[in-house]
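Asks: My questions will all concern the structure given below.
The values are calculated or read from the model by the stated rules, or taken from the named source; none is laboratory data. Everything numeric in this text was worked out from a predicted model, so none of it was measured. Every residue, glycine among them, receives a Cβ derived from its backbone with ideal geometry; neighbour counts consider all protein chains shown. Accessible surface areas use protein heavy atoms only, side chains included; no ligands, DNA or RNA. Shrake-Rupley method; radii C 1.70, N 1.55, O 1.52, S 1.80 Å.
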Amino acid sequence: MIDKIAFRSLSYGLYLVTAQDGEKQAGCVVNTFSQVTSSPAQASIAINKDNFTTGVITASGMFEVSVLAQDAPMELIGRFGFHSSADTDKFQETETRIDEAGVPYVAEHTVAHFCVKVKQTMDLGTHLYIMGEVMESAVLSSEEPMTYAYYHQVKGGKTPPKASSYEQPENAQEQKEESEGAAARTFAWRCTICGHIEYVDELPDDFVCPVCGVGKELFERIEL
């Protein structure tokens with residue numbers, strides 16, 4: 001028997017993984033970055049195989065990891081976590097720096113960064129386990145790093161379907177109510193950043209997206 005609730009007791013962080021292959025840049029959010037050995041310094045990530053960033057990492061053999069600080073805004077998390085680098089330039093409105101290997105990393109609202117050279121990969125089904133040697137690292141600020149629990153409990157963040165820790169909703173009643181609510185309407189409001197949908201007549205002026213934290217002005221009306 002597997003009790004999925006038990007997995008919620010595990011501790012995670014929140015990280016921005018970035019990579020570059022030629023002129024192609026990509027980045028996404030993961031919660032699985034961890035150190036695996038100290039000498040040599042090696043670290044690993046688990047990343048969804050469907051992510052555009054995964055292909056850029058495997059093609060280039062390098063990736064960067066930025067450790068998010070607690071003050072990281074939901075707009076930054078939403079930009080990297082709920083869009084695809086295949087059709088979105090996530091770096092355009094983001095403060096970045098270039099490491100010694102020429103890989104860009106996010107330098108705003110981050111505690112530290114790590115440049116990793118890929119040494120080994122393993123197919124995990126939906127995800128790819130990537131382990132490598134840390135070639136460069138540095139502390140970027142004295143802020144507290146954001147844990148996954150902080151992201152959920154304080155920031156009110158949600159887990160995207162491609163995340164390693166994503167769980168399908170198990171409350172059938174909640175799913176039924178949401179479905180019935182949507183069926184009874186002819187329109188709704190969709191967040192242009194993360195795709196979250198609100199089934200209401202109007203959004204209040206002080207409304208913020210419960211997933212990525214953007215304001216009412218970044219929601220669009222959609223027909224159902």
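Asks: I'd like the full set of residues that are surrounded by fewer than 18 Cβ atoms within 10 Å (Cβ to Cβ) and of a type in the set (S, T, N, Q), limited to the range 97-146.
Replies: Gln120, Thr121, Thr126, Ser137, Ser141, Ser142 - these are the residues of the range 97-146 that are surrounded by fewer than 18 Cβ atoms within 10 Å (Cβ to Cβ) and of a type in the set (S, T, N, Q).
Asks: Also, I was wondering about something else. Out of the range 40-67, which residues are of a type in the set (Gly, Ala, Ser), under 17 Å from Phe80 (Cβ atoms) and touching a strand residue (DSSP E or B) at 6+ places or on another chain (Cβ under 7 Å)?
Replies: Within the range 40-67, Ala46, Ser66 qualify.
Asks: Can you name every residue in the range 14-24 that is open to solvent by 40 Å² or more (accessible area, probe 1.4 Å) and touching a residue at least 40 places away in the same chain (Cβ under 8 Å)?
Replies: The one that is open to solvent by 40 Å² or more (accessible area, probe 1.4 Å) and touching a residue at least 40 places away in the same chain (Cβ under 8 Å): Gln20.
Asks: Hey, does the range 197-204 have a residue that's in a helix (DSSP H, G or I) and out of contact with any Cys (no Cβ under 7 Å at 6 or more places or on another chain)?
Replies: So far as the range 197-204 goes, no, none of its residues is in a helix (DSSP H, G or I) and out of contact with any Cys (no Cβ under 7 Å at 6 or more places or on another chain).
Asks: Mind checking whether some residue in the range 25-36 is open to solvent by less than 10 Å² (accessible area, probe 1.4 Å), among the polar types (S, T, N, Q) and within 15 Å of Tyr105 (Cβ to Cβ)?
Replies: no
Asks: Looking at the range 61-80, which of the residues that are charged (D, E, K, R) and within 15 Å of the chain's Cα centre (by Cα) is farthest from Leu128 (Cα to Cα)?
Replies: By that ranking, first place goes to Glu75.
Asks: Would you check if there is a residue in the range 64-72 being at pLDDT 90 or above and more than 20 Å from His152 (Cα to Cα)?
Replies: Checked against the condition, which is being at pLDDT 90 or above and more than 20 Å from His152 (Cα to Cα), the range 64-72 yields at least one hit.
Asks: Only one of (1) crowded, with 16+ Cβ neighbours inside 10 Å; (2) among the charged types (D, E, K, R); (3) part of a loop (DSSP other than H, G, I, E, B) is not met by Arg79, so which one is it?
Replies: (3)
Asks: Among (1) at pLDDT 85 or above; (2) closer than 19 Å to Asn48 by Cβ, which single condition is Cys191 missing?
Replies: Failed condition: (2).
A quick yes/no check of all residues on (1) at pLDDT 60 or above; (2) in contact with a strand residue (DSSP E or B) (Cβ under 7 Å, 6 or more places away or on another chain); (3) among the acidic types (Asp, Glu); (4) assigned to a strand (DSSP E or B):
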| residue | (1), (2), (3), (4) |
| --- | --- |
| Cys115 | yes, yes, no, yes |
| Glu136 | yes, yes, yes, yes |
| Tyr150 | yes, no, no, no |
| Lys155 | yes, no, no, no |
| Ser164 | yes, yes, no, no |
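Asks: Looking only at residues in the range 51-76 that are in contact with a Leu (Cβ under 9 Å, 6 or more places away or on another chain) and of a type in the set (A, V, I, L, M), which one is most open to solvent (accessible area, probe 1.4 Å)?
Replies: The residue in question is Val67.
Asks: Could we say that Thr58 is over 16 Å from the mean Cα position of the chain (by Cα) and not in a strand (DSSP E or B) here?
Replies: So Thr58 fits the description; yes.
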